[in-house]
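The values are calculated or read from the model by the stated rules, or taken from the named source; none is laboratory data. Bear in mind the structure is a predicted one, so any value in this text is a computation, not a measurement. Because the Cβ atoms are built from the backbone with ideal geometry, glycine has one as well, and the counts that use them run over all protein chains shown.
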């Protein structure tokens, strides 16, 4: 029986996506966590607006929505977690009971605790048939090369050093790169002292292209990039 509307597999999917804290494919979910979000589970979590999914080539990519982050945080806070059995269930329950206490003690949110890894290998998500021959080189760009591409595109769009640039324009200049790699690079760069990503304060001004171009970081959709003067 579902617990509070979520089955244990559904709840597990939310936890795994929170731990990853980024858009992640079924291929990588299966490799890293022995779990996939497909079929009825994907349709159900999408319908509940807890998970957003899109298809890239032959694979689905999933990310936790703002509502998904909020639902997971609330269920952890209230202890409203589907029951688990056995020794593995006891271990999981102990960690899930400890997590909200840790967040209260350190004054952190769930999105503060779970951050994407700097060294995530997004190229593992792409199957051979999903990339044209000309894309293979971009799929294998080193981290520094990706950051250089982002900085170069920003410099091309910025009207002056330190100006705010919309991600829709940035993505247009980086259209040859896999979106997942661009998202990971932006997420990593936001931690740098000369980089900042923020949501558009006036959401009514956002176009569909602006909304599509947003990057999800810490449960928040961000639309604008700022890179300070060197």
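Things to note:
- Residues satisfying the stated conditions in segment 191-210, i.e. closer than 27 Å to residue 113 by Cβ and either surrounded by fewer than 18 Cβ atoms within 10 Å (Cβ to Cβ) or out of contact with any strand residue (DSSP E or B) (no Cβ under 7 Å at 6 or more places or on another chain) (or both): 191, 192, 193, 194, 196, 198, 199, 201, 203
- Selection within segment 53-65 - more than 16 Å from residue 20 (Cβ to Cβ) and modelled with pLDDT of 85 or more: none
- Scanning segment 151-170 for residues that are surrounded by 13 or more Cβ atoms within 10 Å (Cβ to Cβ) and either more than 19 Å from residue 193 (Cα to Cα) or free of Cβ contacts under 8 Å to residues at least 60 places away in the same chain (or both) yields 153, 157, 166, 167, 168, 169, 170.
- Just one of the listed residues (170, 174) is in contact with a strand residue (DSSP E or B) (Cβ under 8 Å, 6 or more places away or on another chain) and within 16 Å of residue 149 (Cβ to Cβ), and it is 170.
- Entirely in segment 1-85, the helices (runs of 4 or more DSSP H) that have 2 or more residues that are surrounded by fewer than 15 Cβ atoms within 10 Å (Cβ to Cβ): 26-33, 39-47, 66-78
- Checklist (1) in contact with a strand residue (DSSP E or B) (Cβ under 9 Å, 6 or more places away or on another chain); (2) within 20 Å of residue 159 (Cα to Cα) applied to residue 215, failing item: (2)
- So residue 47, is it closer than 16 Å to residue 218 by Cβ and free of Cβ contacts under 8 Å to residues at least 40 places away in the same chain: no
- Residue check, residue 59 touching a strand residue (DSSP E or B) at 6+ places or on another chain (Cβ under 6 Å) and touching a residue at least 12 places away in the same chain (Cβ under 8 Å): yes
- Residues in segment 183-230 that are over 13 Å from the mean Cα position of the chain (by Cα) and farther than 27 Å from residue 49 by Cβ: 189, 191, 192, 193, 194, 195, 196, 226, 227, 228, 229, 230.
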